[in-house]
1. Given axes a ≥ b ≥ c from the Cα gyration tensor, I'd like to know whether segment 55-151 is rounded (a/c under 1.5), prolate (a/b larger than b/c) or oblate.
2. Kindly rank 201-209, 121-129 from highest to lowest mean number of other beta carbons found within 10 Å of each residue.
3. What is the calculated FRET efficiency for residue 11 to residue 201, with r their C-beta to C-beta distance and R₀ = 35 Å, to the nearest 0.05?
4. For segment 109-198, what does the alpha-carbon gyration tensor say about shape, rounded, prolate or oblate, given a ≥ b ≥ c as the root eigenvalues, a/c under 1.5 as rounded, and a/b over b/c as prolate?
5. Could you list 224, 50, 132 in order of exposure, starting from the residue whose Cβ has the fewest other Cβ atoms within 10 Å?
6. Shape call for segment 32-280 from the C-alpha gyration tensor, a ≥ b ≥ c root eigenvalues: rounded (a/c under 1.5), prolate (a/b greater than b/c) or oblate?
Amino acid sequence: MKTRYFALVLLFCLTWSSAFPAAKLAIATCPALLFLGLRFLIAAALLLGFAGWRGQLRGVPWGRLMAMGLLNQACYQGLAWLAMGTVSAGLATIITSLNPILIGIAAVPVLGERMTWRKAAGLLLGFTGAAFVVRNRVVLSGEDPIGIGLLFVGMISLTAATLWFKRSATTLPLPVVAGGQQAGSGLALLAIGLISEPVAAVHAGLQFWLVMAWFVFLVSIGSFLLWFILLRRGSASSAASLHFLMPPLGLLMSWAVLGERLEVLDLLGVVPVALSIRLATSEPIRVPFPARRG
């Protein structure tokens, strides 16, 4: 079971980390909120269409799912994409990786999860490594403080949505959970984008459609479904601690795809981050994978 779980972890981290450099490519072809709104609505149509074909749309709490989507995607990703207009993709990845610190602390009173010494040490190490890299980027590279503030607000929103999902303990099919959330966030972001962003700035060429396909199929459908699977298989803090893989992956992808600078000091911060993953995810997986039939 652990082999399968960590295979999903690796796949999730690779697809989720790819979203940050890909967002830079998307923003070059379309204003951020318009792109996100279209992306979420396309993904929602595919997911809910699949769920409807399987007869899974009866008794769905649409209001709750859409409200959760406003936190989980509209606020978190909307603010992150706006921030990346002035902040590097690598730094955006690193700040988002601090999300487990908030979840690990809040999950104790909100969800009743235990704060073991291994988990606490892992969270502390992960915060130390990520904070080291953030400080290096701010001091030496002069990253935009307003954009950094938007990233932190979005991270708080993601934390609230993660805890809400775990607390609700929904048994709805995952295509319904993901599709309902993306429908709500897509409608909200597209409406705001149409009001605040110039439609004439959309350049629907080859790059636009390639990046859109990447986001819809690999991130909005593939990565998002994997995230909910990981949340259902383990505790909220252990699943969230997987975000500590994002700094090294995000830095490397941003360097390879966008040519962003990769500092030696950035790489040094990866050492405590890697150790934190081993500590914070070492607790047993609470929900086993279903046994195979036949």
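Derivation of every value follows stated rules applied to the coordinates shown; laboratory data play no part. Not measured: the values here are computed from a predicted model. Cβ atoms come from the backbone with ideal geometry, glycine included; neighbour counts cover every protein chain shown.
1. Since a/c reaches 1.5 but b/c is at least a/b, the shape of segment 55-151 is classed as oblate.
2. On the way: 201-209: 12.1, 121-129: 20.9.
Descending mean neighbour count gives 121-129, 201-209.
3. 0.55
4. Since a/c reaches 1.5 but b/c is at least a/b, the shape of segment 109-198 is classed as oblate.
5. Numbers: 224 25, 50 15, 132 20.
Ranking 224, 50, 132 by Cβ neighbours within 10 Å, fewest first, gives 50, 132, 224.
6. Verdict is oblate for segment 32-280.
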